[in-house]
Amino acid sequence: MTVVILSGGIDLSVGGLVALGGVVAAMLAGQGSIIAIVGGIASTTLLGVVNGLLVSRARIQPFVVTLFTASAARGLALSITGERSIAVSSTVSGLVWLGRGFIGPVPVPVLLVALLYYATWFMLHKSLLGLHIFAVGDNEESSRLMGVSPDRVKLAVYTISGLLSGLAGVILAGRLGAGQPVAAFGWETDAIAAAVMGGTFLGGGQGNVFPTLAGVLLLGMMYNLLNLEGTITPWWQLVLRGGFLLLVVIFQQRIAQRA
């Protein structure tokens, strides 16, 4: 989400893509771990490419495109599963290891998160694509005059978003032992909130991935405290999440105006 926002876009489809990736991986688990993992990631990467093409080539607003993709991915996940969870057999060791395994004392998902954050930081700050993402997000017309192709940048960032959403879905399926078509409901709101809390400017062109990680950890801690307290139902927690995101955006706009 941080990379997409840096380019001046937004991706509301990540929650639906996580669910779809997990469901596809669970359904393919009988074919082996590699096919399940690759299939889950490939399905959402393809939809990420569709997002990128519609935004860059068809010139449709990212909000509209990704809202459509979110609905389509969620509906597809519900349709192909018959609205049921798809169990992942414990014999599919690779997929289960991805969600629950350990390398030494470190859980595999934690290690993957660390590696992906570093890889994304390297891409943004040490590669030509990263420079172009910042340029397009800061001023698309100026970047075009400098020889940058905004269309290619947008296609790249939405493809990356689709790929990482699929990977998240595969890990979730391995961790839960099932592909759930209703999983990751509202995760796009959390992703946007974490990015904005980490200082990523919603207008694009300003931000970093490691402050986003701080936002992720802070949100996780806050949600865990709400769950442990037990006085606020999950439905009211959704209201609080939306209100919290609104407050963060207003706070960011005030800071930008003063700057």
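The values are calculated or read from the model by the stated rules, or taken from the named source; none is laboratory data. From a predicted model like this one, the values you see are computed outputs, not experimental measurements. No Cβ is skipped: glycine too gets one built from the backbone with ideal geometry, and neighbour counts run over all protein chains shown. Ligands, DNA and RNA are stripped out before the accessible areas are found, and what is left, the full protein with its side chains, is counted by its heavy atoms. Shrake-Rupley method; radii C 1.70, N 1.55, O 1.52, S 1.80 Å.
Data for the structure
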item: Exclusive hit being surrounded by 15 or more Cβ atoms within 10 Å (Cβ to Cβ), over 24 Å from Val49 (Cβ atoms) and modelled with pLDDT of 95 or more, set Val108, Val153, Val157; result: Val108
item: Test result for Thr81, open to solvent by less than 10 Å² (accessible area, probe 1.4 Å), more than 30 Å from Ile133 (Cα to Cα) and β-branched (Val, Ile, Thr); result: yes
item: Output for the stretch 188-215, where each listed residue is without any contact (Cβ under 8 Å) to a residue 40 or more places away in the chain and over 25 Å from Ala259 (Cα atoms); result: none
item: Yes/no for Ala173 being closer than 23 Å to Gly48 by Cα, open to solvent by less than 40 Å² (accessible area, probe 1.4 Å) and more than 19 Å from the chain's Cα centre (by Cα); result: no
item: Residue within the stretch 157-170 that is under 19 Å from Ala184 (Cβ atoms) and more than 22 Å from the chain's Cα centre (by Cα) present; result: no
item: Residue tally, condition farther than 17 Å from Gly15 by Cα, part of a helix (DSSP H, G or I) and among the small types (Gly, Ala, Ser), over the stretch 145-173; result: 1
item: Some residue of the stretch 85-102 being on the phi > 0 side of the Ramachandran plot, open to solvent by 40 Å² or more (accessible area, probe 1.4 Å) and either among the acidic types (Asp, Glu) or modelled with pLDDT under 95 (or both); result: no
item: Some residue of the stretch 220-232 being open to solvent by less than 40 Å² (accessible area, probe 1.4 Å), closer than 25 Å to Thr66 by Cβ and not small (Gly, Ala, Ser); result: yes
item: Some residue of the stretch 191-213 being in contact with a His (Cβ under 9 Å, 6 or more places away or on another chain) and surrounded by fewer than 21 Cβ atoms within 10 Å (Cβ to Cβ); result: yes
item: Residues satisfying the stated conditions in the stretch 136-150, i.e. more than 17 Å from Leu124 (Cβ to Cβ) and either touching a strand residue (DSSP E or B) at 6+ places or on another chain (Cβ under 8 Å) or open to solvent by 60 Å² or more (accessible area, probe 1.4 Å) (or both); result: Asn139, Glu140, Glu141, Arg144, Leu145, Met146, Gly147
item: Which listed residue, of Leu246, Leu240, Leu218, is at pLDDT 85 or above, aliphatic (A, V, I, L, M), part of a helix (DSSP H, G or I) and farther than 26 Å from Ala119 by Cβ; result: Leu246
item: Filter pass, Pro181 being within 21 Å of Val23 (Cα to Cα) and open to solvent by less than 10 Å² (accessible area, probe 1.4 Å); result: yes
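Quick grid of which residues meet (1) touching a helix residue (DSSP H, G or I) at 6+ places or on another chain (Cβ under 9 Å); (2) not hydrophobic (A, V, I, L, M, F, W, C):
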| residue | (1), (2) |
| --- | --- |
| Ser79 | no, yes |
| Val96 | yes, no |
| Phe102 | yes, no |
| Leu128 | no, no |
| Ala135 | yes, no |
| Ser143 | yes, yes |
